[in-house]
Amino acid sequence: MTDKKELNIKETFELFKNKKTTPVELAKVCFEKITNLNHELNAFVKVLNSNALDAAEESQKRFEAGNPKGLLDGVPIAIKDNIAIEGIETAAASKILQGFVPPYEATVITKLKEAGAVILGKTNLDEFAMGSSTETSVFGPTKNPHDKTRVPGGSSGGSAVAVASGMSPLAIGSDTGGSIRQPASFCGIVGFKPTYGLVSRYGLFAMASSLDQIGPMARSVEDVEILFEAISGYDPKDSTSLKEEIRNKKIEIRDLKIGIPNEYFAEGLDPKVKKVIEQAISKFKEMGAEIKEVSLPNSKYALSCYYIIMPVEVASNLARYDGIKYGYSEIKNSELRIKNLLDVYLKSRSSGFGKEAKRRIMLGTYTSSAGYIDQYYNKAQKVRSLVKKDFDKVFQEVDFILGPVAPTTAFKIGEKTTDPLTMYLSDIYTIAVNLAGLPAISVPCKKVDDLPVGLQIIGPQFSDFKIFDLAKKYEGVKDGLQGA
Ligand code: GLN
């Protein structure tokens with residue numbers, strides 16, 4: 001069989017159709033890779049051998065009967081462990097959810113199953129998706145396949161590594177402030193954060209609800225697009241879901257104006273990363289686009305604004321983990337001498353949440369408390385609308401924005417764990433997109449010192465398919481991404 005690492009969705013479909021290989025065979029190739037690689041990389045926290053093989057067999061029967069469901073039928077996929085699969089323990093990499101088996105299923109999972117995809121397993125993340133390195137997981141850190149002493153980025157690090165290492169051709173991640181794009185950039189794959197509201201979050205364990213989006217990760221833009229088509233669509237179970245129909249829009253690159261925000265190329269951006277991003281931008285110019293310098297003056301406040309709004313939502317969303325309703329509990333711990341209900345809450349939450357989760361719960365509780373809400377949370381909401389207005393204004397002048405995904409390549413494991421502020425800074429170019437609810441993709445450009453770098457393409461609301469089209473055009477002309 002052809003090496004699975006080379007195959008994209010359409011080629012896989014052709015091979016299945018022409019009986020050159022089968023979904024069961026492909027699933028087995030993935031499991032073999034997982035067996036060989038996962039003990040070192042720690043991308044998967046749970047492998048679903050028998051469920052996957054059952055699904056692959058069903059898919060195989062459909063191909064044998066000449067009746068496949070569509071392009072995703074029989075294609076393996078990895079799912080971030082903060083998305084509920086009915087009957088499968090889902091912990092969001094937190095001790096407080098250990099043992100929790102969702103009695104319901106995320107809409108994206110239902111859609112993937114309906115499309116015939118084969119779910120290989122659950123992937124590692126930072127606890128409750130809070131982080132940029134996949135180091136705060138109760139399952140231990142995930143490693144970057146390009147250099148195992150480095151982080152894969154986060155929080156969807158497990159999904160990015162599953163794809164980058166060839167353990168799975170496709171993965172699903174979630175992005176609240178960069179968690180799909182930044183690990184995609186660090187691992188040399190494509191990751192897409194959709195327009196807020198286009199992919200249902202029903203069944204996603206909420207981190208910060210006004211920012212969270214589920215999105216696709218794969219080796220090519222085309223695969224990401226196919227996966228996005230399968231998981232997007234209106235869902236009455238998610239109150240933020242939008243009804244917008246935005247199928248396949250094509251663009252003509254000669255008609256395009258592309259904005260380069262000077263704020264994204266200022267201090268803090270690694271000069272080598274800057275250089276390859278500038279080279280990538282020159283490719284767009286060569287293809288005929290007009291390149292224009294633009295300004296997002298309020299983007300300098302985006303990180304601070306995010307770190308006020310996000311923890312408030314985190315504190316509220318994580319209040320439900322009380323040591324009674326879900327997963328982990330100290331209720332029966334005789335050594336702790338639990339006295340009353342409050343004691344159950346306090347002791348279960350104290351030992352169930354990790355440091356970063358606690359930091360954000362405390363921060364969010366403080367900045368939304370009666371005495372401080374006007375000073376912090378309400379002010380941050382105003383700044384959020386200024387950040388959004390900057391984009392609205394720029395998108396009256398240009399069709400897309402180009403820039404880096406992250407200021408550096410993948411950093412060393414442990415390098416930023418003791419200093420949360422430097423960790424937070426790695427999302428400096430991704431966070432504003434979430435605050436504004438926009439779509440954005442990370443697509444690999446040239447490497448720096450053998451480490452991948454992602455180019456970010458940001459578009460206006462609902463420009464999701466146009467972004468794919470533009471990113472595909474770039475993929476076709478870019479040079480020098482060997483081996484990623
Ligand atoms: N790294 C950012 C944070 O720690 C974003 C996380 C995410 O997108 N889930 O909040």
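Odds and ends about this structure:
- Sum of -39500 (n - 2.57) over DSSP H runs of 4+, divided by residues of the chain (222 nm, nearest 500): -11500 deg cm²/dmol
- The phi-based Karplus calculation (6.51 cos²θ - 1.76 cosθ + 1.60; θ = phi - 60°) puts the 3J(HN,Hα) values of the stretch 347-360 at 6, 5, 6, 4, 8, x, 8, x, 4, 5, 4, 5, 4, 6 Hz, whole numbers, x for Gly and Pro.
- One chain, two ends: ILE253 and GLU14. Fully extended at 0.36 nm per residue, the span grows by 83.0 nm beyond their Cα-Cα distance.
- Note on the stretch 145-263: with neighbouring protein chains present and a 1.4 Å probe, carbon and sulfur make up 46 percent of its accessible heavy-atom surface.
- Built amide H within the under 5 Å cut-off of TYR202, gap 5+: THR107
- Efficiency of FRET between LYS148 and ARG359 - r from beta-carbon atoms, R0 35 angstrom, step 0.05: 0.80
- If R0 is 35 Å, the Cβ-Cβ spacing of SER316 and ASP343 corresponds to a FRET efficiency of close to 0.95.
- In terms of accessible area, using a 1.4 Å probe and ignoring ligands and nucleic acids, HIS146, HIS39 rank largest first as HIS39, HIS146.
- DSSP beta bridge pairing in the chain, given as percent antiparallel to the nearest 5: 65 percent
- Separation of the LYS237 and LEU53 label points, Cα + 7 Å toward Cβ, nm: 2.9 nm
- Between the stretch 451-467 and the stretch 4-49, the C-alpha centres lie 27 angstrom from each other.
- Karplus-derived 3J(HN,Hα) values for the stretch 391-404, using 6.51 cos²θ - 1.76 cosθ + 1.60 with θ = phi - 60°, are 5, 4, 5, 4, 6, 7, 9, 10, 8, 9, 10, 10, x, x Hz; glycine and proline are entered as x.
- In percent, rounded to a whole number, the relative contact order of the stretch 202-332 is 30, using alpha-carbon pairs under 8 Å and six or more apart.
- Magnitude of the charge dipole for the chain, about its Cα centre and with charges confined to Cβ atoms of Lys, Arg (+1) and Asp, Glu (-1), is about 500 debye.
- Taking every protein chain into account, the accessible area of the chain amounts to 39 square angstrom per residue (probe 1.4 Å).
- Length gained on full extension, SER282 to SER350, computed as 0.36 nm times the residue gap minus the Cα-Cα distance: 19.3 nm.
- Backbone amide hydrogens, once placed in the peptide plane, bring VAL294 within less than 5 Å of ILE260, ASN262, excluding anything fewer than 5 places away on its chain.
The values are calculated or read from the model by the stated rules, or taken from the named source; none is laboratory data. Given the structure is predicted, the values throughout are model-derived calculations rather than measurements. Please note: Cβ atoms are built from the backbone with ideal geometry, for glycine as well, and neighbour counts cover all protein chains shown. To get the accessible areas, we keep the full protein, side chains included, count just its heavy atoms, and leave off ligands, DNA and RNA. Shrake-Rupley method; radii C 1.70, N 1.55, O 1.52, S 1.80 Å.
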